[in-house]
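Worksheet: one structure, shown below.
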Amino acid sequence: MRVLIVEDEALIALHLEMLVTEFGHHVCSSASSAASAITEAALHSPDVVLMDVRLANGGSGIEAAGEIYTRYGIRCIFLSANLDEGAREAVRPYEPIDYIGKPVLPVALQQALAKAEKGM
């Protein structure tokens, strides 16, 4: 499965890439901003996006996820330290595959990727 990682913290992005690869998937690209996430989704056509809810410089992973879903039909697994009900409600129209809290537990990521693979 082809995975796009959208995470503004470089160490977290590297950790996610390591885990995704370890679980037998391919990281097709990564992005650190909402705008670059949309561009990378267009260029690489991932099967799923690992999307941080809050990105650097006030960027919104929720808005990026909405654009990616609307334009390309690609769904996300959302990552956040604060997955409150407001955030969950905001992403509901984009058919999220799963929500993972930070710090990311490998087993939680593996389960979420398995859900994404079943939904393909």
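The values are calculated or read from the model by the stated rules, or taken from the named source; none is laboratory data. As the structure is a computational prediction, the values presented were derived from the model and not from experiment. So basically every Cβ, Gly included, is an ideal-geometry build from the backbone, and we count neighbours across all protein chains shown.
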Q) Somewhere in segment 10-24, is a residue of a type outside the set (Lys, Arg), within 22 Å of Gly119 (Cβ to Cβ), out of contact with any Phe, Trp or Tyr (no Cβ under 8 Å at 6 or more places or on another chain) and not in a helix (DSSP H, G or I)? A) yes
Q: Report, ordered by the first and then the second residue, all pairs with beta carbons closer than 7 Å, sequence separation of six or more or different chains, a first member in segment 25-36 that is free of Cβ contacts under 8 Å to residues at least 60 places away in the same chain and under 18 Å from Phe78 (Cβ atoms), and a second member that is of a type in the set (Ser, Thr, Tyr) and not in a loop (DSSP other than H, G, I, E, B).
A: Val27/Thr21; Ala34/Ser60
Q | Single residue of Pro103, Pro46, Pro93 found to be modelled with pLDDT under 95 and under 24 Å from Leu11 (Cα atoms) | A | Pro103
**Q.** Subset of segment 4-18 that is under 18 Å from Gln111 (Cβ atoms) and crowded, with 19+ Cβ neighbours inside 10 Å - its residue that is nearest to the chain's Cα centre (by Cα)
**A.** Ile5
Q: Collect the residues in segment 49-90 that are exposed (fewer than 13 other Cβ atoms within 10 Å of the Cβ) and either modelled with pLDDT under 90 or in contact with a helix residue (DSSP H, G or I) (Cβ under 9 Å, 6 or more places away or on another chain) (or both), keeping them in residue-number order.
A: Ala56, Asn57, Gly58, Thr70, Arg71, Ala81, Asn82, Asp84, Glu85, Gly86, Glu89
